[in-house]
Amino acid sequence: MNFSFTEEQDRFRLEVRDFLEEEIKKGYWEPACDAWVQGFNPEFTKRVAQRGWIGLTWPREYGGQGRSHIDRLILTEEMLRYGAPAACHWFGDRQVGGAILSFGSEELKKELLPRIVKGEAYFGLGMSEPGTGSDLASLQTRAVEDGDYYVINGQKTWTSCASFSEYFDIYARTDPEAPRHRGISEFIVDAKSRGVSRIPMIDITGTEAWNDVFFDNVRVHKRYLVGEKNRGFYQVLHQLDYERSGMERLMGNYPLFEAIIRFAKENGLSGDLVTRNKLAQLQIEFEVGRLLIYRVALVMEEGRAPNWESSMSKAYCTEFEKRLACVAMEILGPYGQLKWGSKFVPLRGMALHSYLGSKGYSLQAGTTEILKNIVALRRLGLSSS
Ligand SMILES: Cc1cc2nc3c(=O)[nH]c(=O)nc-3n(C[C@H](O)[C@H](O)[C@H](O)COP(=O)(O)OP(=O)(O)OC[C@H]3O[C@@H](n4cnc5c(N)ncnc54)[C@H](O)[C@@H]3O)c2cc1C
């Protein structure tokens with residue numbers, strides 16, 4: 001067992017940090033919690049792309065670098081630690097590109113993967129619908145064949161980053177007669193297609209990062225079917241394994257964690273027993289969470305899809321996020337309730353933002369209950385039937 005990174009990996013971490021420090025100095029973004037999904041910044045994405053850091057693990061023939069999943073873990077950890085605005089390229093890099101690599105046709109790979117790598121293609125994920133969340137097999141959006149095209153009708157909801165997405169990776173029912181999970185297919189839809197419209201959903205934090213997306217007789221060429229027709233349900237399960245590493249929840253709040261420790265030190269709370277205890281407890285949990293996300297990366301490095309490992313990690317890290325936000329609010333006292341924008345707000349409002357926003361993150365990409373179901377079934381062998 002070896003708990004350390006190699007010298008080369010340590011050097012890569014420093015390279016990423018140097019890059020981020022330099023970019024911050026240029027003044028076009030400020031570190032923030034949750035910037036991975038809310039920080040729309042094409043300029044930043046272009047610069048990351050110029051470094052070759054999007055699609056880092058993908059094969060070179062599609063524009064990737066063929067690097068290890070451990071390098072990718074280091075890169076992601078640092079991006080999140082710095083609260084970098086990675087939203088534009090995140091979904092393409094984290095999962096849509098991976099889905100195209102695993103299931104897409106050669107034509108689709110050649111068309112889209114190099115564009116993702118160059119930071120030119122932003123994606124939204126269209127799984128959930130007004131009546132469909134945890135039970136994804138119940139989705140109602142329809143795709144009907146018409147010559148070389150599919151005609152898509154339906155509504156997606158909670159689509160993250162949809163307001164600036166150029167494509168949607170969506171799931172639609174292609175065989176209404178088949179058992180529910182055997183009649184769903186995956187498509188890439190150009191957001192500019194006729195019949196696509198979106199309405200922003202404003203969440204409890206006031207953020208407009210989510211949208212309802214409507215598909216009204218949208219014609220999608222058959223080459224944008226990802227994988228085999230009617231295999232979409234199995235593909236989305238695979239994709240979700242990659243979405244659920246938990247990394248964003250743990251490290252995405254690192255700017256707040258770091259700031260609240262600094263706040264305690266600078267405001268005479270270092271000797272306060274209650275504060276010490278709470279922050280020490282969070283540090284223990286943070287380090288446990290880190291080991292869980294490292295295991296997810298190791299599983300991927302072994303060429304396996306992380307399954308119960310990523311469910312366990314995401315379930316744990318979202319709960320860490322909630323506890324961190326609560327502790328931060330307690331330490332800040334009434335000032336913690338001030339909103340970003342107030343001239344008296346401490347820590348740029350990160351505590352309140354995280355306190356309000358963290359609730360939703362234990363729903364997104366699979367609720368904590370669903371993730372525990374996966375751990376119970378796949379890790380413990382507890383079948384519910
Ligand atoms: C911040 C945020 C971002 C999101 N981004 C996206 C996105 O980009 N794309 C997208 O497609 N969707 C997105 N979603 C939607 C998200 O995937 C769903 O909210 C989630 O799957 C839960 O579905 P639901 O809200 O319909 O709740 P339901 O599925 O109706 O669940 C309601 C409650 O019942 C529990 N429950 C349901 N089934 C079971 C079961 N079998 N066992 C035990 N408990 C169960 C759940 O845990 C939950 O507590 C996002 C949601 C949020 C909050």
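The values are calculated or read from the model by the stated rules, or taken from the named source; none is laboratory data. What you see is a predicted model, and the numbers here were worked out from it, not measured in a lab. Every residue, glycine among them, receives a Cβ derived from its backbone with ideal geometry; neighbour counts consider all protein chains shown. Ligands, DNA and RNA are stripped out before the accessible areas are found, and what is left, the full protein with its side chains, is counted by its heavy atoms. Shrake-Rupley method; radii C 1.70, N 1.55, O 1.52, S 1.80 Å.
Okay, here's what the table says:
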{"quantity": "Boolean, ALA305 is at pLDDT below 95, out of contact with any Pro (no Cβ under 8 Å at 6 or more places or on another chain), open to solvent by 10 Å² or more (accessible area, probe 1.4 Å) and among the hydrophobic types (A, V, I, L, M, F, W, C)", "calculated": "yes"}
{"quantity": "Of all residues making up segment 139-167, the number that are small (Gly, Ala, Ser) and part of a loop (DSSP other than H, G, I, E, B)", "calculated": "4"}
{"quantity": "Within segment 208-240, tally of residues that are assigned to a strand (DSSP E or B) and of a type in the set (S, T, N, Q)", "calculated": "2"}
{"quantity": "Options GLY232, GLY271; residue that is open to solvent by less than 10 Å² (accessible area, probe 1.4 Å), out of contact with any helix residue (DSSP H, G or I) (no Cβ under 6 Å at 6 or more places or on another chain) and over 20 Å from LEU291 (Cα atoms)", "calculated": "GLY232"}
{"quantity": "Residue tally, condition open to solvent by 20 Å² or more (accessible area, probe 1.4 Å), closer than 25 Å to ARG81 by Cα and either in a helix (DSSP H, G or I) or away from the ligand (no atom under 15 Å from the Cβ) (or both), over segment 353-385", "calculated": "5"}
{"quantity": "Positions within segment 288-304 being of a type in the set (Gly, Ala, Ser) and without any contact (Cβ under 8 Å) to a residue 60 or more places away in the chain, in sequence order", "calculated": "GLY289, GLY303"}
{"quantity": "Boolean, ARG348 is in a helix (DSSP H, G or I), away from the ligand (no atom under 12 Å from the Cβ) and at pLDDT 95 or above", "calculated": "no"}
{"quantity": "Residue among VAL151, VAL196, VAL213 that is open to solvent by less than 30 Å² (accessible area, probe 1.4 Å) and without any contact (Cβ under 8 Å) to a residue 40 or more places away in the chain", "calculated": "VAL196"}
{"quantity": "Hey, ARG13 open to solvent by 50 Å² or more (accessible area, probe 1.4 Å) and touching a residue at least 24 places away in the same chain (Cβ under 8 Å) or not", "calculated": "no"}
{"quantity": "Scope segment 69-94; condition more than 16 Å from ALA32 (Cα to Cα) and open to solvent by 30 Å² or more (accessible area, probe 1.4 Å); matching residues", "calculated": "HIS69, ARG72"}
{"quantity": "Helices (runs of 4 or more DSSP H) enclosed by segment 3-79 - at least 1 residues per element that are over 25 Å from LEU108 (Cβ atoms) and touching a Gly at 6+ places or on another chain (Cβ under 8 Å)", "calculated": "35-38"}
{"quantity": "Options GLY183, GLY133, GLY154; residue that is within 16 Å of the ligand (Cβ to nearest atom), more than 20 Å from the chain's Cα centre (by Cα) and over 14 Å from VAL96 (Cα atoms)", "calculated": "GLY154"}
